[in-house]
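Chemist: The structure follows.
Bear in mind that the values in this text are calculations on the coordinates, not laboratory data. It should be emphasised that the depicted structure is a prediction, and the values quoted were computed from it without experimental measurement. Cβ coordinates were reconstructed from backbone atoms using ideal geometry, including for glycine residues, and neighbour counts include every protein chain displayed.
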Amino acid sequence: MNNKIKLAVAGAVLASASVANAGITWDAGEWTVDMNGNVNAYAIVADNKDTAQAVGALTNTESNDSTASSINTGLLPSWLGFTATTRQNDIDTSVTISFQPGASTTGALAGGGGAENRQAFLTFGDASWGSVKVGKDLSLFASTAILNDMTLLGVGSQGVVGSSGGTTTTLGRIGTGFIYADWNGQITYTTPNMNGLSVSLGVFQPWNSTASSAISDTSTGNSEEFGFQGQGSFSWTGDFAGKVWAGFFSQEVTGLTGGDERANAFEAGVSTSIYNINLVAYGYSGEGIGTTGILRDGFDATGAKRDSDGGYVQATYVIPTGTKLGVSYGISKLDDNAADAGDSLVKENSMLTVGAYHPLTKHLNLVAEYSKVEAEAHDTGGDSESDIFSVGAILFF
């Protein structure tokens, strides 16, 4: 994948306020305005095989031994973002707002599909002391894991977001190797770049714990305190370039049956490149954070925390034509408690993905992927699998 597309992906996912990731820019008085984004769509065919799908499984949600076809966006939604930047009183300031229109419907008179508004934030700072972000943007925990996921340019798993179109995005590797960082209100401080070292710490809007079904009905669990997240990274350049990172998540969850609990999680990862080869390894572990989404299925019906962990490995190689070929495998595990006995709670979701990503132009990528998703339940008879084939295109501007 060429550098301009890398920057476009980073800009679309992390919405850097820097015009270094510029799309279409123009000057407006003291401000520089950057309009950027992407449009993507894929033809997706999913073949499902199961006995009885476990609660929280990310296999295709169609019935047993069925095939579902759709035209839909992939993991990265179609995107239109605006960032305005200026420097006043020796302070760099910016504001970012973005829109994510849906690309698919499943019936007549549906108005063209759903839409999201993932970002609305401001930043201020200086290269000498760092920057502060205030507003809604991608969270810190697991953000670098999703940015390095090769299915960011493709489809990956469809999972809980649906199997026959009509959704804003697919899941990619979310829930089969990392927990979704998601978009949340925050006040985050990021240090200046210190010879490759950077650290971000923030307070976040606390979220309620949620459950896939009544087997872990803790959807009323909330928090009286802010959530806390942080991530540090070190990057280096040269013939053998790379990045290592580590992060954490912590939030009190109150109002659960049996009292209050604190959900905690930790992560670490590495991405290295030499010549045309890139290798990624990532892992996480937590208590009460759940699986797939933050605080999803993290507690049982008594309010006790469930342990969870997972990770993924990935290798990509750019051949002389410029096509990036990749293979990745990841797994997310969720432990059960004594209160879960007899329930069809998912034990693990895993996915193997093989993909080809060809830059037809410096802005346009053609994508073909095959993903095999497998889910295993804690009880017997709850295993399922899906084979997902997709082909399409994504264009950045």
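Chemist: About the Cα centre of region 3-396, how large is the charge dipole given +1 on each Lys and Arg Cβ and -1 on each Asp and Glu Cβ? Please answer in debye to the nearest 20.
Modeler: On the way: 18 positive and 39 negative charges, 292 e Å.
Result for region 3-396 is approximately 1400 debye, rounded to the nearest 20.
Chemist: Could you sort the peptides 354-364, 178-188, 92-102 by per-residue average Cβ neighbour count (10 Å cutoff), highest mean leading?
Modeler: Peptide ranking by packing, descending: 178-188, 92-102, 354-364.
Chemist: Taking the simple approach of a point 7 Å from Cα along Cα-to-Cβ for both Asp182 and Ala120, what is their distance in nm?
Modeler: Rounded to a tenth, the inter-label distance reads 1.9 nm.
Chemist: In straight Cα distance, which lysines are under 28 Å from Lys305, not counting same-chain residues fewer than 8 positions off?
Modeler: Lys136, Lys333, Lys347
Chemist: Say the dipole of the chain comes from +1 at the beta carbon of Lys and Arg and -1 at that of Asp and Glu; which of Trp207, Leu76, Gln53 then lies farthest toward its positive end?
Modeler: The residue sitting farthest along the positive end of the dipole is Leu76.
Chemist: Taking Rh as the Kirkwood radius, which is the inverse of the mean 1/r over Cα pairs, what is the Rg/Rh value for region 188-318?
Modeler: That ratio is 1.09, to two decimals.
Chemist: Moving to a separate point now. Helix-derived [θ] at 222 nm for the chain: sum -39500 (n - 2.57) over DSSP H runs of at least 4, divide by residue count, nearest 500?
Modeler: Taking each H run of at least 4 residues, the total per residue is -1000 deg cm²/dmol.
Chemist: Taking the Cα centre of region 285-397 as origin and charging only Cβ (+1 Lys, Arg; -1 Asp, Glu), how large is the dipole, in debye to the nearest 20? Could the numbers behind the result be given before it?
Modeler: On the way: 8 positive and 17 negative charges, 185 e Å.
The calculation lands at about 880 debye.
Chemist: Determine, for each peptide in 318-328, 76-86, the mean count of other beta carbons within 10 angstrom over its residues, then list the peptides with the highest first.
Modeler: Averaged packing, sorted descending, gives the order 76-86, 318-328.
Chemist: Still on this structure, please answer the following. Say each of Ala268 and Val313 gets a label point 7 Å from the Cα, pointing the same way as Cα to Cβ; how far apart are those two points in nm?
Modeler: Distance between label points: 1.6 nm.
Chemist: How would you order 366-377, 272-283 from highest to lowest mean count of nearby Cβ atoms within 10 Å? Don't skip to the answer; put the middle values down first.
Modeler: On the way: 366-377: 20.8, 272-283: 16.2.
Final packing ranking: 366-377, 272-283.
Chemist: Taking 35 Å as R0, compute the FRET efficiency from the Cβ-Cβ separation of Phe240 and Val39 and round it to 0.05.
Modeler: Efficiency computed from Cβ-Cβ geometry: 0.50.
Chemist: For Ala341 and Asn89 in the same chain, what is the full-extension length gain: residue separation times 0.36 nm, less their Cα-Cα distance, in nm?
Modeler: Here the segment from Ala341 to Asn89 would lengthen by 84.5 nm.
Chemist: Out of all DSSP beta bridges with both ends in the chain, state the antiparallel percent to the nearest 5.
Modeler: About 95 percent, rounded to the nearest 5.
Chemist: Among Asn278, Gly23, Gly154, whose Cα sits farthest toward the positive end of the charge dipole of the chain (+1 at Cβ of Lys/Arg, -1 at Cβ of Asp/Glu, about the Cα centre)?
Modeler: Farthest along the dipole direction, towards plus: Gly23.
Chemist: Could you work out how far apart the two model spin labels at Thr25 and Met194 are, taking each label as a point 7 Å from the Cα in the direction of the beta carbon, and quote it in nm?
Modeler: 2.9 nm
Chemist: With a Cα-only, solvent-free Debye model of the chain, what are the log10 I(q)/I(0) values at q = 0.09, 0.10 Å⁻¹?
Modeler: For the requested q values the scattering log ratios are -0.53, -0.66.
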